[in-house]
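The values are calculated or read from the model by the stated rules, or taken from the named source; none is laboratory data. Predicted, not measured: the structure shown is a model, and the values here were computed from it. Here the Cβ positions follow ideal geometry from the backbone for every residue, glycine too, while neighbour counts run over all protein chains shown.
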Amino acid sequence: MLKVEQISGGYHQTPIVRDISFLVNKGEFLGILGPNGCGKSTLIKMISGILKPTSGKVLIDGIPIEKLNPRQLAKKMTVLPQMQSNTFSTTVRETVEIGRYPHQSGFFSSWSEEDEEAVIKAMELTDVLKYQDTNLEFLSGGERQRVFIAQALAQSSELLLLDEPTNYLDIAHQKQILDMIRKEVTEHGLTVVSVFHDINLASLYCDHLLLMEAGSVKAYGEPHEVIIEQQIMDVYEARISTQAHPEQPKPQMAILPDFEEQRKEKSVSLSNIQKGEDYIAFIAEFPLKVLSSAVHNAGLGWYATFINRTVPQEYDIENVKTEFLQYIIEKGFSPTNTVGMMTAVDTKKAVMKEYLAPFGSLIVIVTAGIGGAIDVSHAYERTAYQTIGTINTWVIINGKLSEEAFVQGMMTATEAKSKALQTEKVMDKLSNTIATGTPTDSLLVAATQQGEFMQYAGPLTEVGKMIGKGVYEATVEAIQIYKREMER
């Protein structure tokens, strides 16, 4: 659809864009990224024909754009520049109708049903139909931006060039506009080239990305090939971290600030434990980075409070998450700052251990109910879901872990728990083999993210050794407590 061949150029003999080439096929969405002043808008002007390159070619469907007259070019290409101005006072509808000019034999002398449908559809898609009789000067910047996007859509060309289309838009309208453009790309074969400042939006909605640096192409490819931490940091001269989007196979980035809060290095200990009537809580003065399989706020995040709650053995709630949320609120804890687990054993009898280590210290807290212990290698033989019995484990570290170390720490803790069940000869009553856990075990690994940095937490690392020792010893002791309770 669009082919750019080695174009270079700028303003007044000053080169801004240098030797750029790429191909965008029909029905693809290309995002152009780069820091301020790198030539993104200049590149768009050259592709659109507004600015003539000093060398190179721009072709649409194999035809050089200079061989197309303005009306022919407008039927093939729509351009939404970065800055829009309206010298005359016009209504929203009149502004959008201008987009149909290339399809007229004379200026609005042959208005057709097709023209009317295109204008109405464009206003509906951009949520500006309700303003159709309002003059532009009475709209906010974001509303005007949506009007100009509607004008571009009404033009109904095959290629859409956008320069920062989400400027001035709130997140709801950013999503609405980009969802709509993405749908047009996917379902109707629209080809889109757009400049973005927001790297995350570009990654989420585009098929390919072109990253520019000082007027040249730094990288080109699918989002995962372009949004690479070191590459983005080099180009933008800013610290960032990348992670996967929760729903799409697209990378997302977070800015890492360089400022440091002026504060003493803080740590946690068993003095942070608080016992309630039916729970045990660990309450820190500051958030810890946490990875957990908890009932409330599972996954990776930052939290200051951890709760292990005792529930009756007959506890049977259809919507556990909703009920647990209400419980947290009733107990006076912050739902967004709390990780919550539950168990059928008395949490007041939790085993709590603290270990000094070369990297700092480590706390392990375990409750163990093993009435429904199973051997995971024989779980496939079971036809009924057995929920009685839960081993809940907390590992809290005064130290700084990488994300890799969090995962390895959970693996090390799980292995230590399984070894404790073997030592205590906890059996899977169905298979008559040594159990490896229970159907509802939960695990939490937390770190203060202060002090010594630890890249790994496998069983032979310093932190891994302490996790293995602490979880094993605490789990053995918790199982013994449970056995004694059952013998009474």
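Summary of values
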quantity: Residues of the range 145-177 satisfying the condition of being under 21 Å from residue 197 (Cβ atoms), part of a helix (DSSP H, G or I) and among the polar types (S, T, N, Q); calculated: 145, 174, 176
quantity: Index of the failed condition, residue 203 passing every other in (1) at pLDDT 90 or above; (2) surrounded by fewer than 23 Cβ atoms within 10 Å (Cβ to Cβ); calculated: (2)
quantity: Breaking point among (1) under 28 Å from the mean Cα position of the chain (by Cα); (2) surrounded by fewer than 22 Cβ atoms within 10 Å (Cβ to Cβ); (3) part of a loop (DSSP other than H, G, I, E, B); (4) modelled with pLDDT of 95 or more, for residue 460; calculated: (1)
quantity: Answer residue from the range 432-452, given it is surrounded by 18 or more Cβ atoms within 10 Å (Cβ to Cβ) and aliphatic (A, V, I, L, M) and is farthest from residue 341 (Cα to Cα) among those; calculated: 435
quantity: Restricting the range 436-451 to residues that are hydroxyl-bearing (Ser, Thr, Tyr) and out of contact with any Gly (no Cβ under 9 Å at 6 or more places or on another chain), the residue that is farthest from residue 476 (Cα to Cα); calculated: 442
quantity: Every pair of residues 6+ apart whose Cβ atoms lie under 6 Å, when the first sits in the range 422-450 and is in the same structural domain as residue 368 (by TED's automatic domain parsing) while the second is charged (D, E, K, R) and surrounded by fewer than 16 Cβ atoms within 10 Å (Cβ to Cβ); calculated: 450/265
quantity: Pairs, first under 16 Å from residue 344 (Cβ atoms) in the range 477-488, second among the acidic types (Asp, Glu), C-beta under 9 Å, six or more apart; calculated: 479/424; 483/424; 485/346
quantity: The range 172-186 residues that are surrounded by 18 or more Cβ atoms within 10 Å (Cβ to Cβ), paired with ones that are of a type in the set (Lys, Arg) (beta carbon under 8 Å, 6 or more apart); calculated: 173/146; 177/146
quantity: Given (1) free of Cβ contacts under 8 Å to residues at least 60 places away in the same chain; (2) more than 21 Å from residue 20 (Cβ to Cβ), number of the condition residue 158 does not satisfy; calculated: (1)
quantity: Candidate set: the range 14-41, residues that are without any contact (Cβ under 8 Å) to a residue 40 or more places away in the chain and outside any strand (DSSP E or B); chosen: the one surrounded by the most Cβ atoms within 10 Å (Cβ to Cβ); calculated: 37
quantity: Pair list, Cβ < 6 Å and 6+ apart or interchain, from the range 45-59 residues that are at negative phi to residues that are assigned to a loop (DSSP other than H, G, I, E, B); calculated: 45/51; 46/53
quantity: Residue check for residue 373: small (Gly, Ala, Ser), modelled with pLDDT of 95 or more and crowded, with 24+ Cβ neighbours inside 10 Å; calculated: no
quantity: Residue match in the range 396-416 (condition: among the β-branched types (Val, Ile, Thr), outside any helix (DSSP H, G or I), under 28 Å from residue 310 (Cβ atoms) and in contact (Cβ under 8 Å) with a residue 40 or more places away in the chain); calculated: yes
quantity: Strands (runs of 3 or more DSSP E) (entirely within the range 248-307) containing at least 3 residues that are touching a residue at least 60 places away in the same chain (Cβ under 8 Å) and either loosely packed, with under 11 Cβ neighbours inside 10 Å or in contact with a helix residue (DSSP H, G or I) (Cβ under 6 Å, 6 or more places away or on another chain) (or both); calculated: 279-292
quantity: Residue match in the range 204-211 (condition: free of Cβ contacts under 8 Å to residues at least 60 places away in the same chain and in a strand (DSSP E or B)); calculated: no
quantity: Residue in the range 229-239 that is over 26 Å from residue 43 (Cα atoms) and without any contact (Cβ under 8 Å) to a residue 24 or more places away in the chain present; calculated: yes
quantity: Where residue 111 falls short, out of the listed (1) over 24 Å from residue 75 (Cα atoms); (2) not basic (Lys, Arg); (3) not in a helix (DSSP H, G or I); calculated: (1)
quantity: Qualifying position, being closer than 24 Å to residue 59 by Cβ, aliphatic (A, V, I, L, M) and at pLDDT below 95, among 178, 162, 211; calculated: 162
quantity: Filtered residue count, the range 229-247, keeping only those that are more than 15 Å from the chain's Cα centre (by Cα), of a type outside the set (D, E, K, R) and part of a loop (DSSP other than H, G, I, E, B); calculated: 1
